[in-house]
1. Quote the FRET efficiency, to the nearest 0.05, computed for B:Ser261 versus B:Ser93 with a Förster distance R0 of 56 Å and r equal to the Cβ-Cβ distance.
2. Let me make sure I get this right: for the range B:132-274, a, b and c are the square roots of the gyration tensor eigenvalues over alpha carbons, sorted descending. Under 1.5 in a/c it's rounded, otherwise prolate if a/b > b/c, else oblate. Which is it?
3. Can you sort A:Lys370, A:Lys569, B:Lys117 by how many other beta carbons sit within 10 Å, fewest first?
4. So how much slack lies between A:Leu644 and A:Thr736, counting 0.36 nm per residue of separation and subtracting their Cα-Cα distance, in nm?
5. Report, as an integer, the average count of C-beta atoms from other chains found within 10 Å of each Cβ along A:262-274.
6. Using 0.36 nm per residue, how much length does the chain from A:Ala244 to A:His518 gain when fully extended, once their Cα-Cα distance is taken away?
7. Restricting to bridges with both residues inside the protein assembly as shown, how much of the DSSP beta-bridge set is antiparallel, in percent to the nearest 5?
8. Using a 7 Å offset from the Cα along the Cα-to-Cβ direction at both B:Arg234 and B:Thr178, what is the distance between the two label points in nm, to one decimal?
Amino acid sequence: MVGQPVRATHAPAGSSKGFIRSYIFSTDHKVVGLQYFSLALAAVTFGIILSLLMRFHLVWPNAHLPFVGGGIMTPEQYLALVTMHGTIMVFFVLSTAPQSAFGNYFLPIQIGAPDMAFPTLNMLSFWLTLAAFLCMIAAFVVPGGAPISGWTAYPPLSGLGEVTGPGEGLGQTLWIVSISIFCFASLLGALNFIATTIDMRAPGMTLMRMPLTVWAWFVTSILSLLAFSVLLAGGILLLLDRSAGTSFFLPAGLVVNGDLQGHNGGSPLLWQHLFWFFGHPEVYIAILPGMGVVSHILANFSRKPVFGYRAMALALCAIGFLGFLVWGHHMFVSGMNPYSGLAFSVLTMSIGVPSAIKTFNWLGTLWGGKIQFHSPMLFAIGFVSFFVTGGLSGIFLAQPAVDTMLHATYYVVAHFHIVMGVAAVFGIFAATYYWFPKMFGRRMDERLGKLHFWLTFAGVYCVFMPMHFLGIEGGIRRYADSTGAGYLAALQPLHGFMTITAFITAAAQLIFFYNFFHSLKRGERATANPWNATTLEWITSSPPPPDNFGGHFPSVHRGPYEYSVPGEKEDFLPQNLGPEGGGATISREIPQRVYVTGMALLLGGVLMFFMALVSAYFVRKGFSSDWQPLAVPRVLWLGTLILLASSVTLARSRHCLLARQEEEFRHWWGATAILGVFFLAAEAIAWRQLAAGGVSLDGNPSGSFFYVFTAAHALHLLGGIVALLVVALRPTTRLTRRTATEVVSLYWHCMNALWVFLFMLLLAGA
Amino acid sequence: MTQTGKSDGGSAGPAVLLTVLLVILVAATVYVFAARLYPAPSPISSAAVLIDRQYNRTLYVAGAVFVLAQLGLAFAIFRFRDRGRPARFTRGSVAAEITWTSLTFLTFLCLGILGRKAWAEVRYAPPAPDAIQVEVTTTQFVYTFRYPGADGKFGRLDPSLINAPAGNPLGLDLNDRTGNDDIVAPDLTVPVSRPVALLLRSQDVVHNFFVRELRLQQDSVPGMMIPVNFTANRTGRYEIVCTQLCGLGHSKMHSFLNVVSEVEYEAFLKKWSASQ
């Protein structure tokens, strides 16, 4: 029964539920995955066009372009392209395709689950991401155009509105709103991925039997959960600086264009810290899934187990963990304390260790193999080559001394494009060629795939290797033209070479698009397991049925990469192959504990969000001279007591439910919600008192933080009250009442504890 | 059910082509660096020489790893292409993992320790007592340099007095006596081989001060005063450019560092103090 595909017993999606529910507002993780994939495909097309316009302008700055309003591109139009190219590629391609698209499609199948833990939430994540994308694109067509502050949006440039430049008005606002929506969607997605991996694995699928792709998606999700919540907090503060007149990031005495701006004491570096605390893990969000896919594919086509599987899984975790400790290496020349620069440098160099482990183990996997050069394998090998090249140029930038010469030059652009952009894109291509037969039931054309690889591999090196040389000579990134400094003119021939090769490489992508869409309709039919692979996605039909396994859910009996095991007849042993063949069970229930896991993860994200705000509070308070203590209204003491009482009533209510005292349960449960409303009322009174006393949001930072903390907490508590009411009024189907009670209690108690912490913080600041 | 065979996956063609491409990549890269086709301009300070030394050390280490890893990859691809023989089964080797982990760790540790000096020299050392003080003010899209004048003290600045068209781009408070002899110039002129202590400040957004020949790059951040020191030991005219995205005129924002003899420096001071 080796590798025998499970036949689809269900009708294909679409026949019973209707088109809209099956393909548009579908909760099926496979459809959501394909939706994310389509979004990424649209976004990458857009992003490539933007980059070609930039490359064209750098070489022929006086040419008339059809896309540009006035004919000749202005510097602000160029900078808008820089900003939007970076933003679209980082968020809507590199964070979307490897993780949300392929992760969504294959994570549940590879662990033997019928779907994600929270399918509706999954659908919501996608639609929010799409909304964020449309919001981002809208920035192009509003008055003033798209923002010009780069994907890093450093204030004050991004914080003052139109006065600092075109695009910094509505365009920049839309940018921040879009990114905030994206963050929120990614948080929901990440929570879903983690809960699914923790609680939905098939029997026998231990952590150390998970494919490395699952490990990569899992670690990436943890990074997303912790990083995006910090960016969300930063985005909200930046939005307040722009539209509500607060001064979180804007210092006093700013004079723009001769006009004195009415801000006080904020810290531009605070934004940089918040941004890069997100921004560096973001790099790993983009690249880790690619690492997983590459390990997976190298083993498959070398016909060997992944060399050092355990070390590979640990290295993924180590890279993820260290990724949170190195954000300062983006800020060596920012004015940050040089001692912290040294610490960040050492930590950054230490990431080289797990990265080297990965590279050595990839070589070890190839070594002694029986290498088959199918398109996915070629792209996986290309990934390794780019990862080596891009990783090594990072060692220069990780040292503050060397960075002072290379920072903000094209050297940096070359480095991150190779290691984060190109390597990740090669991971996406490898995944696409590898899983296309599974996703669409047809195979892509192998000859076109190889042609696409050769042109792209050679082309990309031709574009980005010379870029290093440009940087070493002092070519500055984000320059709309080369007339600013005298020495730049001598670097134009390099620019010319890069532009020509960039156009050729971009044209080579048309081969991919043709191959992709042509194969969708005309490709050779694929069997269930065309690559003779071992993991669970290959034991089901191509494409998989709606529940992934057609009612025959696998049990797992062995590790993920059992290739060429000595003494076996076949050179691959599927994971579900047990002592008595491929064992299967008929149904798989979603365990109730996923809801508790999901809530714990949500709280992790919420906590991270508040901790970002709290760290902003400490920085703002500690490094400014304008802080005036705020008298916290006394009514909040009463509010705190009410909130503590609500925790008691809630505990009582839960106790009654366990004792099956339905009536008492309802009473105490309702009392909790009412106490919650009372707390909000106390908070409203406190706001009125402060406002009457002249404490405004745009006044002293102590007041700004008071309003931000209390409002953010009040919103979360309001969510808790709604949840209490929903549990009380609406019986749920998938979720038992007992679990619902557990989940809501967990949230409520945590919100109350959070309040006590925030209240003490505010009192200490008084 | 097997669709993979020797026909499409195991032929020597892709293996040979990929090996050749990787070898070309390594050869071309090594050639460009060895022949110094695109060198950084020669350094004009001892700190810049230290940075170059650290850069070169890193280049040797990274270059060696680059050559070994890419050629290793090329070798593995060529040597272990599917030739009909079964793969050599192995799950890994703890000894190998420990070896390359500790080797990498030691290499990075050594590089990090060696690089500390170049960083410390630039950033930690306090300015020499006789250093020439110059305040650098950045604004969209202009550099303004201020010398304290004969009294060695900078006059008070008031943002509300800033009026560039009227000749007061910094907002100098004319009622403050210490400011009467301040010299304000659009270029940075310093005497050769004398320590210079710059104080970077910004009026509007984040800008940057970068001189290639000094290997010196530093953001200027509104609300902060950031000190940087250098000693230029070769006369000449060097370009100062802004490397921090600061708005639509970013690529035009630039100025000059004039490293001159003592005599010329005195003449410069005299000329500018007379004009103000």
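1. Rounded to the nearest 0.05, the efficiency is 0.30.
2. In terms of gyration-tensor shape, oblate.
3. A:Lys569, B:Lys117, A:Lys370
4. Net length gain for the segment: 30.4 nm.
5. Mean partner shielding for this stretch: 2.
6. 93.5 nm
7. Of all bridge pairs located within the protein assembly as shown, approximately 75 percent are antiparallel.
8. A separation of 3.8 nm, rounded to one decimal place.
Quick note: the coordinates plus some simple rules give every number you see, no bench work behind them. Because the structure is a prediction, the values reported are computed rather than measured. Here the Cβ is made from the backbone with ideal geometry for all residues, glycine too, and neighbour counts use every protein chain on show.
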